[in-house]
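Trainee: The structure that follows is given in the form of structure tokens.
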Amino acid sequence: MTEIQRHRFDVVVIGAGGAGLRAAIEARLQGKRTAIVCKSLFGKAHTVMAEGGAAAAMGNVNSKDNWQVHFRDTMRGGKFMNHWRMAELHAKEAPDRVWELETYGALFDRTKDGKISQRNFGGHEYPRLAHVGDRTGLEMIRTLQQKIVSLQQEDQREHGDAEALVKVFAETTITALLKDDATGGSGRISGAVGYTRENGTFVVFEAPAVVLATGGIGKSFKVTSNSWEYTGDGHALAMKAGATLLNMEFVQFHPTGMVWPPSVKGILVTESVRGDGGVLKNSEGKRFMFEYVPAVFRKQYAETEQEADAWYDDQANNRRPPELLPRDEVARAINSEVKAGRGSPAGGVFLDIASRLPAEAIRKKLPSMYHQFKELADVDITAEPMEVGPTCHYVMGGVEVDPDTAAATVPGLFAAGECSGGMHGSNRLGGNSLSDLLVFGRRAGLSAAEYVDALGSARPTVTDADVEDARTQAEAPFAGTGGENPYAIHADLQQMMHDLVGIIRTKDEVERALAGLEELKARAAKISVPGDKVFNPGWHLSLDLPNMLIVSECIARSALIREESRGGHTRDDYPTMSPEWRKVNLVCRPDGAGVEVTQQPLPVMPPELLSLFDREELSKYMTDDELAILPEEKA
Amino acid sequence: MSYNARFRVWRGDDTDGELEDFSVEVKEGEVILDIIHRLQATQTPDLAVRWNCKAGKCGSCSAEVNGRPRLMCMTRMSTYTEDEVITVTPLRAFPVIKDLVTDVSFNYQKAREVPAFAPPAELAPGEYRMQQIDVERSQEFRKCIECFLCQDTCHVVRDHEENKESFAGPRFFIRLAELDMHPLDTKDRKREAQATHGLGMCNITKCCTEVCPEHIKITDNAIIPMKERVVDTQYDPLVWLGSKIPRRSAMAASKSLAAGDTETAEARARERLRDKPSDAAALRTLAEALRAQGRFGDASKVTRTQLEHAGRGRVARMEAASAHAWTLLCAVEDGEVELEKAEDEIATTLQLAQRLASTGTVLAGTHALHNLMHGRLAEAVEHAREAIIWDRDRSTRADDLVTLAEALAGLGESDESASAMSEALQLWPDNPRLTGVRANLEDMNVPTA
Ligand SMILES: Cc1cc2nc3c(=O)[nH]c(=O)nc-3n(C[C@H](O)[C@H](O)[C@H](O)COP(=O)(O)OP(=O)(O)OC[C@H]3O[C@@H](n4cnc5c(N)ncnc54)[C@H](O)[C@@H]3O)c2cc1C
Ligand code: SF4
Ligand code: SF4
Ligand code: FES
């Protein structure tokens, strides 16, 4: 039998992005022995790629900003499908979480009076994103990483062992969560099993609390801004452990990904380009976004180029440029322009900052975009426009959690960050993810610690049989030879999801995708990989594939059921929003080898929060019955 | 628009392996990492490589392409010609785990040795006030994506495992500088850099700055200002040596060598070797001291021992083999050893080195001298020229220029020979090879003053 390493912890955090690291810091601050497990090296998680900033209503640039305004923007961006309580906690706590980063050593860009500077972003009424040039995610991950290191230095001084309380297991992939059913328990989490990339050794973590912070699912799609890590592992692990996923049909396609050269297609072009003045044009040189302002947003967006341009300098007296509409709107608009034959040579549209800002200012404000285009596409963005098009970017759907505690429906399981659901409704605003990671990462770490305290000594145990099961499953791809090639299956999955469950969906296409998924599942069962377990990417991919397949099935099944268009879900055959469907959450759980989707009511927003909006706006989203609880004078 | 490229990729681990040849399709606009991925998908599913963002933001995909430390995701195929063989090898300064993946834990260890940011205790969150102009200096260093290319390229640790303990490397010099320049940090980072992190061992070659994909001016903006400040505080850098007693004579030997005192260096190194006859650092210093004295025959005995004790690590063995071949050739050139007697050993050693080397270019200078000794003058010129293109430090370049000058003189190109020689003299006037070479050249009417 292969050697198995065993570890005992109070809390195991799966994921070392913003959410995972913040959760681990909190668990450690509560005195818990905490493991951080991640697929890549420490400090390389996806959060490192975030560019634009972290949204927090600190009011440093416009003192009119406050949590209520942020809450309103978030709900509008999500088309009122957000869990109101998550949006509320997020808006209230984000400023404290950002300030806290400064005490860990973060160096954000500053305002003239020395405070944290804030920038404009799509869907945010005031300048709100704390940022460092266009590398905010790097700043965030490095800051949190260095905070972990500083806690380890404290532990070194106090306990003579840097890893006494927090230990990082880098390049270690969790393949299964364990529960105590076998030992007569009540189905609580008892630990997790995984393997290390370096040598293929299996690792068992015995722990009563597990925090999922595994990020997103973009690698199921062909054109994506996401890295190889985004295979939906946390989503799949949660489901397999009996937890539920919420609203998986909502997938965000970011409007501006690179489209040329082919090998970089999908790499993100930050929204800050538009926040700082960049405009979208079609092949006729027209600023087409003015044609695409939907009725619900008409009031807040400029109608002429003149007004839109004036807004950058005087936001009090002008409305916002339509380039800064929420992402789903802009992505669909670009899609329509290209379909209508007004696209750029490589099949996107033009994003022009060169004619809008002096070259020096562009290099200063958008250094990594400048660099990225120069080095990867040979394009000088200070002299010519970029070509951009939609790219799969973020999943709003995720593990169903309790807003205050981040607890999933399985005792001992918590989830935070992109892999959790509810916070962003049907569409996430830019900048709301980085703040989400901090707010709910901290809450997840805290609740996990409290949960462990409440257990006392009555901890669930791990059985050898469970571990053996997980190991056998993980080693299956080595069993035969001449089977399916995991890279080929992955490529086929990505192409199919892109073609049939992408940015615009129809019943017929989604049904074809579901049939296609069955075929892919059958092929995936016959994978064989050569080589051994030492750093073997073919093997790694064949273990990630089942996760991508189950997540893809969740997306497709939910997309088939939701017969309306809202945020990150557009049905060509049901092109409008439906107030009836707004009241419905779609919930996925495993069903044999497949997925079952049920309907569940969306939690109702309490009147004091409802009253932050005017009735006219709400009436565009809600049924008359729902509006009845509003006090009459607001009408 | 596509074509087939020839790739040579290191397959194996730290103890064994080889460069494997591939022919692989390349499409428009692709980068090295795309090609590695295509190899995985179509030819070698288990080829190990690290990557994440594929956009130069995470610093995962570091490797050496034709011997140069680079990010594979930011190295475009169009920078190479279609008929060029592209050699991809793992970072040389770190142990190989598998194929292109190295064990970079050294860096995480060093990160833990830098004391954390220490803000004033009385400042509450939200009360921090700093001016943009003051944070910008540290922000430059916080652009670091931890690709560790600078760590890989820095000669202090690149081929000197023994320095790793006391030297944090350029990545962590900028971390220290960042904290030092942070408007609200309250700790004294200046002494720390010198006392515990080996700043004094950096001799400002700027190689780290050259490879940094984030264009951080590591030397000019971090290292030099820190060094200046350290001098200001009048700290004695030798004190810390006291805590490194077991290494002391080896250290002292290499210090004497650096100071040009080759006899003391020789004595110290021999002293160290009495305690530990296989000490790699002492052997290397001794060989160098002997070469510096022009005693190439004696030096070749030392390099032979060095090779015998080099173990199975790829880099260490490659280094030892190439040093031994080079030293033997110098002894031949100097007339201390006969070519016929040494030829078998030279040939096998050189072959071994070539098999382990990441690129042909690393050994071009040695091949040049080998050809020269056999009188194959045209080949010698060709290899020497290739070597010079790639040479990084002064003395290697000077040596290759000397070989070039001799070969050219033999071919009757006395003008070109003279100009190569004068550059060689400028770079390294005390090159011990010159005694013999001067006489040769003067015989052929090439001025060597
Ligand atoms: C290019 C780009 C730019 C963006 N810009 C912004 C922005 O400006 N503002 C903003 O708010 N948001 C932005 N986002 C979104 C935001 O960056 C992400 O949503 C967020 O970083 C996700 O963080 P996380 O902590 O949930 O997960 P991640 O940072 O993705 O971390 C996931 C972690 O889980 C680990 N993991 C996954 N599966 C396993 C497993 N099976 N076993 C062990 N470990 C596992 C991974 O190794 C990784 O450490 C951007 C996203 C992209 C792609
Ligand atoms: S400048 Fe110093 S740190 Fe940088 S490579 Fe040279 S010796 Fe190393
Ligand atoms: S300083 Fe530059 S070369 Fe060194 S690790 Fe950081 S980014 Fe890489
Ligand atoms: S893959 Fe991230 S830097 Fe190359």
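The values are calculated or read from the model by the stated rules, or taken from the named source; none is laboratory data. Just so it is clear, the model here is predicted, and its values are computed rather than measured. Cβ atoms come from the backbone with ideal geometry, glycine included; neighbour counts cover every protein chain shown. All accessible areas refer to the heavy atoms of the entire protein, side chains included, with ligands and DNA or RNA removed. Shrake-Rupley method; radii C 1.70, N 1.55, O 1.52, S 1.80 Å.
Trainee: What is the one condition in (1) more than 16 Å from ligand 3 (Cβ to nearest atom); (2) at the interface with another protein chain (Cβ under 10 Å from one of its Cβ atoms); (3) open to solvent by 20 Å² or more (accessible area, probe 1.4 Å) that residue B:130 does not satisfy?
Mentor: Failing condition for residue B:130: (3).
Trainee: Of the residues that sit in the range B:56-74 and are out of contact with any Leu (no Cβ under 8 Å at 6 or more places or on another chain) and assigned to a loop (DSSP other than H, G, I, E, B), which one is nearest to ligand 3 (Cβ to nearest atom)?
Mentor: This residue is B:58.
Yes/no matrix, rows are residues, columns are (1) touching a strand residue (DSSP E or B) at 6+ places or on another chain (Cβ under 7 Å); (2) more than 14 Å from chain B (Cβ to nearest Cβ):
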site: A:250; (1), (2): yes, yes
site: A:254; (1), (2): yes, no
site: A:261; (1), (2): no, no
site: A:272; (1), (2): yes, yes
site: A:290; (1), (2): no, yes
site: A:299; (1), (2): no, yes
site: A:303; (1), (2): no, yes
site: A:307; (1), (2): no, yes
site: A:311; (1), (2): yes, yes
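Trainee: Looking at (1) more than 8 Å from chain B (Cβ to nearest Cβ); (2) touching a helix residue (DSSP H, G or I) at 6+ places or on another chain (Cβ under 6 Å); (3) within 30 Å of residue B:59 (Cα to Cα); (4) aliphatic (A, V, I, L, M), which is the one condition that is false for residue A:129?
Mentor: All conditions are met except number (2).
Trainee: Taking the range B:169-218 only, how many residues are within 14 Å of another protein chain (Cβ to nearest Cβ) and within 14 Å of ligand 2 (Cβ to nearest atom)?
Mentor: Qualifying residue count, the range B:169-218: 8.
Trainee: Being more than 18 Å from the chain's Cα centre (by Cα), open to solvent by 20 Å² or more (accessible area, probe 1.4 Å), away from ligand 1 (no atom under 16 Å from the Cβ) and of a type in the set (Ser, Thr, Tyr) is true for just one of B:138, B:105. Which residue is that?
Mentor: Residue meeting the stated conditions: B:105.
Trainee: Given the conditions (1) closer than 30 Å to residue B:98 by Cα; (2) modelled with pLDDT under 90, report the number of the one that residue B:259 does not fulfil.
Mentor: If we test residue B:259 against (1) closer than 30 Å to residue B:98 by Cα; (2) modelled with pLDDT under 90, just (1) comes out false.
Trainee: If you check residue B:19 against the conditions, is it of a type outside the set (S, T, N, Q), within 12 Å of chain A (Cβ to nearest Cβ) and either in a strand (DSSP E or B) or away from ligand 1 (no atom under 16 Å from the Cβ) (or both)?
Mentor: No.
Trainee: Here's another thing I want to ask about it. Do you know which of the residues in the range B:149-168 that are surrounded by fewer than 23 Cβ atoms within 10 Å (Cβ to Cβ) and either within 14 Å of another protein chain (Cβ to nearest Cβ) or of a type in the set (D, E, K, R) (or both) is nearest to ligand 2 (Cβ to nearest atom)?
Mentor: This residue is B:158.
Trainee: Can you tell me which condition residue A:545 does not meet? The list is (1) open to solvent by less than 20 Å² (accessible area, probe 1.4 Å); (2) in contact with a Lys or Arg (Cβ under 6 Å, 6 or more places away or on another chain), and all the others hold.
Mentor: (2)
Trainee: Scan B:99, B:14 and give me the residue that is buried (at least 19 other Cβ atoms within 10 Å of the Cβ) and more than 11 Å from chain A (Cβ to nearest Cβ).
Mentor: B:14
Trainee: Only residues that are more than 7 Å from chain A (Cβ to nearest Cβ), open to solvent by less than 20 Å² (accessible area, probe 1.4 Å) and assigned to a loop (DSSP other than H, G, I, E, B): list them for the range B:30-45, please.
Mentor: Matches in the range B:30-45: B:44 only.
Trainee: In the range B:30-50, how many residues are closer than 17 Å to residue A:529 by Cα, in contact with a strand residue (DSSP E or B) (Cβ under 9 Å, 6 or more places away or on another chain) and not β-branched (Val, Ile, Thr)? Talk me through it step by step, then tell me what you get.
Mentor: Residues of the range B:30-50 that are closer than 17 Å to residue A:529 by Cα, as a first pass: B:37-49.
Imposing the further condition that a residue be in contact with a strand residue (DSSP E or B) (Cβ under 9 Å, 6 or more places away or on another chain) reduces the set to B:38-39, B:42-44, B:46-49.
Add one more test, that the residue is not β-branched (Val, Ile, Thr), and what stays is B:38-39, B:43, B:46-48.
Adding up the residues that qualify gives 6.
Trainee: Here is a further query. Pick out, from the range A:193-293, the strands (runs of 3 or more DSSP E) lying fully within it that include 1 or more residues that are modelled with pLDDT of 95 or more and away from ligand 1 (no atom under 13 Å from the Cβ).
Mentor: Qualifying strands (runs of 3 or more DSSP E): A:202-206, A:209-212, A:279-281.
Trainee: Considering the range A:101-126 alone, what residues qualify as being under 19 Å from residue A:278 (Cα atoms), in contact with a helix residue (DSSP H, G or I) (Cβ under 6 Å, 6 or more places away or on another chain) and not aromatic (Phe, Trp, Tyr)?
Mentor: Passing the criteria: A:119, A:120, A:122, A:123, A:124, A:125.
Trainee: State whether one or more residues within the range B:144-153 are at pLDDT 90 or above and either within 16 Å of ligand 1 (Cβ to nearest atom) or small (Gly, Ala, Ser) (or both).
Mentor: Yes: one or more hits.
Trainee: At the interface with chain A (Cβ under 7 Å from one of its Cβ atoms), at pLDDT 95 or above and not in a loop (DSSP other than H, G, I, E, B): is that true of residue B:48 in this structure?
Mentor: Numbers: at the interface with chain A (Cβ under 7 Å from one of its Cβ atoms): yes; at pLDDT 95 or above: yes; not in a loop (DSSP other than H, G, I, E, B): no.
Here the answer is no, as residue B:48 does not meet what is asked.
Trainee: Return the residues of the range B:51-83 that are away from ligand 1 (no atom under 16 Å from the Cβ) and of a type in the set (Ser, Thr, Tyr); say none if nothing qualifies.
Mentor: Across the range B:51-83, the qualifying residues are B:62, B:75, B:78, B:79, B:80, B:81.
Trainee: How about the range B:79-177: which helices (runs of 4 or more DSSP H) wholly inside it have at least 1 residues that are out of contact with any Asp or Glu (no Cβ under 6 Å at 6 or more places or on another chain) and free of Cβ contacts under 8 Å to residues at least 12 places away in the same chain?
Mentor: Once the helices (runs of 4 or more DSSP H) in the range B:79-177 are filtered for at least 1 residues that are out of contact with any Asp or Glu (no Cβ under 6 Å at 6 or more places or on another chain) and free of Cβ contacts under 8 Å to residues at least 12 places away in the same chain, what remains is B:105-113, B:132-142.
Trainee: Condition first: in contact with a Ser or Thr (Cβ under 9 Å, 6 or more places away or on another chain), charged (D, E, K, R) and surrounded by fewer than 23 Cβ atoms within 10 Å (Cβ to Cβ). Now tell me which residues in the range A:313-353 satisfy that.
Mentor: A:332, A:342
Trainee: Related question: With the requirement that a residue be among the aromatic types (Phe, Trp, Tyr) and either in contact with a helix residue (DSSP H, G or I) (Cβ under 9 Å, 6 or more places away or on another chain) or not in a loop (DSSP other than H, G, I, E, B) (or both), what does the range A:306-353 give you? Steps first, answer last, please.
Mentor: Taking the range A:306-353 as the starting set, the residues that turn out to be among the aromatic types (Phe, Trp, Tyr) are A:311-312, A:350.
Residues satisfying the conditions are A:311, A:350.
Trainee: Another question about this same structure. Could you say which residue among B:27, B:57 is open to solvent by less than 40 Å² (accessible area, probe 1.4 Å), in contact with a Ser or Thr (Cβ under 8 Å, 6 or more places away or on another chain), within 11 Å of chain A (Cβ to nearest Cβ) and more than 22 Å from residue B:103 (Cβ to Cβ)? Let's see the steps before the verdict.
Mentor: On the way: B:27 fails: open to solvent by less than 40 Å² (accessible area, probe 1.4 Å).
Within the list B:27, B:57, the selection yields B:57.
Trainee: Report the residue count in the range B:260-285 for those that are in contact with a helix residue (DSSP H, G or I) (Cβ under 6 Å, 6 or more places away or on another chain) and farther than 20 Å from residue B:434 by Cα.
Mentor: Looking only at that region, the number is 13.
Trainee: Scan the range B:311-331 for residues that are open to solvent by 20 Å² or more (accessible area, probe 1.4 Å) and of a type in the set (A, V, I, L, M, F, W, C) and jot them down.
Mentor: B:315, B:316, B:323, B:326
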